[in-house]
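Read the structure below first, then the notes.
The values are calculated or read from the model by the stated rules, or taken from the named source; none is laboratory data. Keep in mind that this is a model prediction, so the values were computed, not measured. Reconstructed Cβ throughout: ideal geometry from the backbone, glycine too, with neighbour counts over all protein chains shown.
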Amino acid sequence: MLGLELETDPRWANIAENNLPEILTDHAWCEQKAASNAISLITLNPEKTDLVEKLMEIAMEELDHFRQVHEIILKRGFEFGRERKDDYVNQLYKFCRKGGKPEESLVDRLLFSAMVEARSCERFKVLSDNIKDEELANFYRELMISEAGHYTTFIKFAKQYAKDIDVDKRWKEWLAYEGDLIQRYGHEEKIHG
């Protein structure tokens, strides 16, 4: 369904499970950034009512995920650490077309968002299938479903707002870029690391 070119090695889940305070803190900040991304897209596209309404839902859902992860951190007696830099997302963002027609920028920003959601969905599946902690495995299974919904929403809107852009072709370019990029990650206790 996601079409990602490279799947995460299941052993990454062991890295994550061996340092739960770090992966949970990183995850919480990823959710906060996802909410901020949705709000940023609203700010840039206030005239697109259907997009704004759906992005409000996504932003609220991402903030709720942030709250849930934060609660898990506190419940387990871990310390909620400072925000982590997400090098994967920053490198992915560099692939976005900037300048040019507003349509191109919007479509690429939506595809960027879809890509982040797709990889997060895939990572949550790896966690849910491979960690021994049953509570967290169930939690990540639920989040995997949510991220899949966000992914499809962003793809749908990219196609809706693309007048002169072949979204399927551009999405294949995104998949190829991400497939090359992700080879450098998957060795740290970070959601995208």
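Points worth noting:
- Test: residue in the range 148-161 that is basic (Lys, Arg), out of contact with any helix residue (DSSP H, G or I) (no Cβ under 6 Å at 6 or more places or on another chain) and closer than 18 Å to Ile182 by Cα: no
- Hits in the range 88-131 (condition: in contact (Cβ under 8 Å) with a residue 24 or more places away in the chain, among the polar types (S, T, N, Q) and under 15 Å from Arg184 (Cβ atoms)): Gln91
- Just one of the listed residues (Ser128, Ser105, Ser146) is farther than 19 Å from Gln68 by Cβ, in a helix (DSSP H, G or I) and small (Gly, Ala, Ser), and it is Ser105.
- Within the range 172-187, being surrounded by 17 or more Cβ atoms within 10 Å (Cβ to Cβ), modelled with pLDDT of 85 or more and either on the phi > 0 side of the Ramachandran plot or out of contact with any Gly (no Cβ under 8 Å at 6 or more places or on another chain) (or both) holds for Trp174, Glu178, Leu181, Ile182.
- Spans of helices (runs of 4 or more DSSP H) in the range 1-87 with at least 2 residues within 13 Å of Lys190 (Cβ to Cβ), in contact with a helix residue (DSSP H, G or I) (Cβ under 8 Å, 6 or more places away or on another chain) and among the small types (Gly, Ala, Ser): 11-17
Here's the yes/no breakdown for (1) surrounded by fewer than 16 Cβ atoms within 10 Å (Cβ to Cβ); (2) out of contact with any Ser or Thr (no Cβ under 8 Å at 6 or more places or on another chain); (3) of a type outside the set (Gly, Ala, Ser):
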| residue | (1), (2), (3) |
| --- | --- |
| Glu53 | yes, yes, yes |
| Ile58 | no, no, yes |
| Lys75 | yes, yes, yes |
| Lys94 | yes, yes, yes |
| Asp108 | no, yes, yes |
| Ser113 | no, yes, no |
| Tyr140 | no, no, yes |
| Gly149 | yes, yes, no |
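- Selection count where residues are of a type in the set (A, V, I, L, M) and more than 22 Å from Ile58 (Cβ to Cβ), scope the range 117-141: 4
- Failed item, numbered, when Ile155 is tested on (1) more than 21 Å from Ile15 (Cα to Cα); (2) surrounded by fewer than 20 Cβ atoms within 10 Å (Cβ to Cβ): (2)
- Pairs with Cβ under 6 Å, 6+ apart, first in the range 28-53 and under 14 Å from Phe154 (Cα atoms), second at pLDDT 95 or above and surrounded by fewer than 17 Cβ atoms within 10 Å (Cβ to Cβ): Ile42/Val52
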